[in-house]
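In what follows, a single structure is set out as structure tokens and then discussed.
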Amino acid sequence: MANLLVIDDNAANRETYADILHGEGHTVLSAASGEEGLAKLGAAAVDAVLCDLVLPGLDGLGTMELAHEKQPNLPWVLITGHGSEDTAVAAIKQGAFNYLTKPVDLGRLKATVESAVRLAQANRENRALRRELGYDEALDRIIGTSAAIRQVKQMIRQVATTDATVLVEGESGTGKELVADAVHALSRRSGRPYVKINCGAIPRDLIESELFGHERGSFTGAVAQKKGKFEFADTGTLFLDEIGEMPLDSQVKLLRVLQDGALTRVGGNQPIATDVRLVCATNRNLKNEVLHNRFRMDLYFRLNVVSIAVPPLRTRREDIPLLARTFVDRLNRKQPNQPQKELSDAALMALRRMDWPGNIRELENTVQRLYVLSAGRVIGGDGLANGIATADSDPQPVGDAITTSAGPADAEAAIRLLIGLPMDEVEKRLIVATLAHCGGNKSKAARQLQIGLKTLYRKLEAYGMMPAGDEAAASG
Ligand SMILES: Nc1ncnc2c1ncn2[C@@H]1O[C@H](COP(=O)(O)OP(=O)(O)OP(=O)(O)O)[C@@H](O)[C@H]1O
Ligand SMILES: [Mg+2]
């Protein structure tokens with residue numbers, strides 16, 4: 001028995017199909033338009049869809065395409081008019097499971113829907129099995145076989161099944177967002193909303209309204225009532241990215257919501273109950289922020305129920321070749337008709353040696369650059385030596401930002417900074433970006449920044465970015 005959705009604007013057809021499929025023991029939902037069909041798909045678990053190709057408004061192919069964005073494995077059987085074989089072929093190319101031509105032979109209808117249902121069931125069993133075995137797409141997206149990454153994945157598996165608040169900590173570009181995504185994807189909330197908000201990209205005075213919503217007229221510009229991200233995330237997961245950037249007064253409000261399990265919109269006084277699982281990420285050391293009174297200790301303890309530390313790339317260099325090869329594979333797949341490129345051993349070795357202050361994001365940018373620049377099929381490491389490779393390692397692209405030139409060092413290399421970013425954060429980002437630009441060469445970076453090498457070491461140490469063994473150089 002399966003849940004089926006029939007989409008057809010003709011009521012008589014809908015009834016005929018539904019009768020037949022009911023007779024086979026299936027539950028049948030029906031919709032008179034593509035739009036209605038999509039709404040039903042969003043609201044109920046459906047195993048297979050039977051859809052007329054010609055519909056008023058959104059047509060069958062368009063409806064299928066939109067639905068496949070969210071449910072790529074859902075099998076669709078399309079019904080095409082008599083003699084429109086080319087449309088049928090196009091439908092298959094676009095990912096339809098099969099098609100039926102009008103007038104629909106009811107025996108074929110039963111058989112085709114039956115095999116679509118079997119495919120859906122096989123897909124589902126396959127997914128369940130993979131999960132049981134510890135595989136999951138969301139986890140597979142986190143590439144790496146180092147002990148450190150395996151431990152991160154193990155943590156994700158453990159915490160995902162709970163409702164505990166998770167704090168993901170790690171330097172910029174280490175994959176914190178991938179970790180947060182996986183926590184949601186592996187949790188029992190995975191079919192529910194997953195809402196992300198970057199606290200560093202929203203002007204300070206709008207953060208509360210973004211998070212908790214506002215009532216009409218609560219402040220200038222609040223022309224209509226608005227729901228906040230908390231309400232949108234209800235029954236699902238809310239990802240608060242760059243939580244360290246949240247202003248102290250908003251932190252108070254967030255804490256209250258977490259304690260009460262209810263929020264009030266800005267300018268409102270009606271408490272609204274929320275059921276939201278919170279995942280937060282930060283590239284700052286939050287404990288340090290607490291010590292400097294920039295982050296509330298009580299909120300810190302609330303958020304830090306479970307913390308997952310994502311290790312910097314330079315502490316798990318063994319992952320670099322696999323990551324770099326994966327990035328090349330992805331680029332190859334984007335151009336299947338071009339010669340398929342590969343990294344030379346020398347390039348892989350050079351990549352392994354670099355320090356990657358911008359972590360995996362920087363590695364990915366670098367590999368892309370090498371890929372584009374290499375004329376032949378084998379990608380050499382030449383670009384790495386002269387700094388071309390890291391010229392664009394922008395560690396933090398944020399919304400509503402200004403672009404500053406990195407100064408006389410290189411007119412083309414730039415970082416984007418949010419207006420109003422704290423001065424020490426600006427300094428950190430500039431230092432990290434300059435270091436990346438210099439391929440990890442600290443003396444060169446210090447010269448470009450016009451600061452002493454010792455000062456640079458001291459600052460890197462304060463950011464927790466000093467690889468073990470470099471201390472000697474710093475004090476020498
Ligand atoms: N282990 C990994 N395997 C594959 N890709 C990764 C991995 N970690 C990170 N990436 C990729 O690197 C980029 C940066 O990752 P992500 O945005 O998750 O980092 P972040 O820690 O959130 O950085 P930031 O603090 O700057 O927001 C993304 O394109 C992501 O897909
Ligand atoms: Mg991020």
Per residue, the convex hull volume that the Cα atoms of the range 215-271 enclose (Å³): 105
Partner lysines for residue 176 [C-alpha distance under 28 Å; skip if fewer than 8 residues away on the same chain]: 70, 153, 196, 227, 229, 253, 287, 334, 428, 442, 459
Whole-Hz couplings from phi, Karplus 6.51/-1.76/1.60, listed for the range 253-263; x for Gly and Pro: 5, 4, 4, 5, 4, 5, 5, 8, x, 8, 10
The range 152-260, relative contact order in percent, only Cα pairs under 8 angstrom and at least six apart counted: 27
Mean Cα-pair separation over length for the chain, i.e. relative contact order, pairs under 8 Å, 6 or more apart, %: 10
For peptides 268-276, 95-103, sequence by mean Cβ density within 10 Å, most packed first: 95-103, 268-276
Listed residue (254, 201, 230) projecting farthest to the positive dipole end of the range 192-263, Cβ model: 230
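Taking only the Cα atoms of the range 314-390, how large is their convex hull per residue, in Å³?
Working: hull volume 5.8 nm³, N = 77.
Spelled out: Cα convex hull of the range 314-390, divided by residues, is 75 Å³.
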Compactness of the chain, expressed as Rg and Dmax over alpha-carbon positions, Å: 26.7, 86
³J(HN,Hα) computed for each position of the range 225-240 - Karplus, 6.51 cos²θ - 1.76 cosθ + 1.60, integer Hz, glycine/proline x: 5, 9, 7, x, 4, 4, 5, 5, 8, 3, 6, x, 10, 10, 9, 9
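Taking the Cα centre of the chain as the origin, how large is its charge dipole in debye, to the nearest 20, when only Lys and Arg (+1) and Asp and Glu (-1) carry charge on their Cβ atoms?
Values: 57 positive and 60 negative charges, 285 e Å.
Using only the charged Cβ atoms, the result is roughly 1360 debye.
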Rounded tilt (10° steps) of 34-43 against the dominant C-alpha axis of the chain: 70
Farthest positive-ward along the range 161-270 dipole, Cα basis, beta-carbon charges - from 182, 243, 170: 182
Rounded to the nearest 10 Å², the accessible area of residue 307 at probe 1.4 Å: 50
Cβ charges +1 (Lys, Arg) and -1 (Asp, Glu), total dipole of the range 137-311, debye: 240
Taking the convex hull of Cα positions in the range 261-378, its mean projected area over all directions (nm²): 12.4
For the range 336-348, Karplus couplings with θ = phi - 60° (6.51, -1.76, 1.60), whole Hz, Gly/Pro x: x, 8, 9, x, 7, 8, 9, 7, 6, 4, 4, 5, 4
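Residue 344 to residue 260: extension gain in nm, 0.36 nm per residue of separation minus the Cα-Cα distance? It would help to have the intermediate numbers written out before the result.
Working: separation 84, 0.36 × 84 = 30.24 nm, distance 5.70 nm.
Computed gain between residue 344 and residue 260 is 24.5 nm.
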Cα coordinate range in the range 43-88, projected on the principal axes (Å, largest first): 33, 20, 15
Cubic angstrom per residue, convex hull over Cα atoms of the range 3-131: 98
Most positive-pole-ward Cα, 107, 457, 16, against dipole of the chain from beta carbon charges: 457
q = 0.30 Å⁻¹: log10 I(q)/I(0) that the Debye formula gives for the range 22-61, counting C-alpha atoms only: -1.11
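Set the Förster distance to 25 Å, then compute FRET efficiency between residue 273 and residue 188 from the Cβ-Cβ distance, nearest 0.05. Walk me through the intermediate numbers first.
Details: r = 19 Å, r/R0 = 0.77.
Working from the Cβ atoms, E equals 0.85.
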Burial order of peptide ranges 45-58, 254-267 (average beta-carbon count within 10 Å, highest first): 45-58, 254-267
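What ranking, highest mean first, results for peptides 322-331, 355-364 when packing means the other Cβ atoms within 10 Å averaged over each residue? Intermediate values should be presented prior to the final figure.
Details: 322-331: 16.8, 355-364: 24.2.
In decreasing order of mean packing, 322-331, 355-364 become 355-364, 322-331.
If you stretched the chain out fully between residue 291 and residue 235, how much longer would it get, using 0.36 nm times the residue separation minus the C-alpha to C-alpha distance?
Values: separation 56, 0.36 × 56 = 20.16 nm, distance 3.38 nm.
Taking residue 291 through residue 235 to full extension adds about 16.8 nm, to one decimal.
When the dipole is taken about the Cα centre of the range 13-65, and only Lys, Arg (+1) and Asp, Glu (-1) are charged at their Cβ, what size is it in debye, to the nearest 20?
Numbers: 2 positive and 9 negative charges, 19 e Å.
The calculated dipole for the range 13-65 is roughly 100 debye.
The values are calculated or read from the model by the stated rules, or taken from the named source; none is laboratory data. If you're wondering where the values come from, they're calculated on a predicted model, not measured in any experiment. Quick reminder, even Gly has a Cβ in these numbers, built from the backbone with ideal geometry, and neighbours come from all protein chains shown. SASA here: full protein model, heavy atoms, side chains in, ligands and nucleic acids out. Shrake-Rupley method; radii C 1.70, N 1.55, O 1.52, S 1.80 Å.
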